[in-house]
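Everything on this sheet refers to the single structure shown next.
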Amino acid sequence: MPNVSKWPNDTSALILRIVTGLIFIPHGYAKVFGSGGPSAFAADLPGYHIPAFLGYLAAYAELFGAILLVAGLFTRLDALLLAGTMFVAVFVVQLPDALRDPDGAGHRFPSVMRAVELPLALLAATVALLLLGPGRWSLDFLLRKYVGRAAARPDQTVD
């Protein structure tokens, strides 16, 4: 069987990581450093039956997880946290709110899709990164390669 190049997958992962991270960063920045900080964001969540501590986790994941995602460090963990945040944003917060919107009556599908399009696209991107992994152009790959080399070396003793 011929050796199939991983270049398209690695390039796709790189593009997806960078674009997804760059979209999340300003949202996370606003939650962490905006008016009231993460506590203001977390204070709204109990109204949706979500523990407030998850608001802190989401705010910091959207900022620092996104930065790490761009760099390709802890990519799968970052993607998991961000996917969880977007799952809640789509299915617990925005979708139910959009379905209850009286202005959307008669135009239910377009108004619902307009309400969830960004978090739904980000959910898809983060799930794709979770499955795809960081790719070769990432700090995860470099660290795995470096640690793999260090583990393959025989012990060197100093006399």
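Cβ under 15 Å from residue 15's Cβ, residue 15 left aside: what net charge do those residues give with Lys, Arg +1 and Asp, Glu -1?
Residues close to residue 15 contribute a combined charge of +2.
Work out, step by step, the length gained on full extension between residue 49 and residue 30: first 0.36 nm times the residue separation, then minus their alpha carbon distance; give nm to one decimal.
Once the chain is fully extended between residue 49 and residue 30, it gains 4.6 nm.
For the range 23-104, what percent of Cα pairs sit more than 21 Å apart?
Value for the range 23-104: 31 percent of Cα pairs lie more than 21 Å apart.
Compute the distribution of all C-alpha to C-alpha distances in the range 8-150, in bins of 10 Å from 0, and list the percent of pairs in each, rounded to whole numbers.
Going from the shortest bin to the longest, the percentages are 12, 36, 31, 16, 4, 1, 0.
Modelling each spin label as a point 7 Å along the Cα-to-Cβ direction, I'd like the residue 7/residue 95 distance in nm, to one decimal.
Placing both labels 7 Å along Cα→Cβ, they lie 4.0 nm apart.
For residue 77 and residue 111, calculate 0.36 nm times their separation in residues minus their Cα-Cα distance, and state this gained length in nm to one decimal.
That works out to 9.0 nm of additional length.
Return the calculated 222 nm mean residue ellipticity for the chain, to the nearest 500 deg cm²/dmol, obtained by summing -39500 (n - 2.57) across DSSP H runs with n ≥ 4 and dividing by the residue count.
Dividing the helical sum by the residues of the chain leaves -22000 deg cm²/dmol.
Give the peptides 7-15, 116-124, 73-81 in descending order of average Cβ contacts within 10 Å, highest first.
With the highest mean Cβ count within 10 Å placed first, the list reads 73-81, 116-124, 7-15.
Throughout, read-outs are computed from the coordinates displayed, never taken from laboratory work. Note that the coordinates shown come from a computational prediction; the quantities given were computed from them, not determined experimentally. Virtual Cβ from ideal backbone geometry, glycine too; neighbours counted across all protein chains shown.
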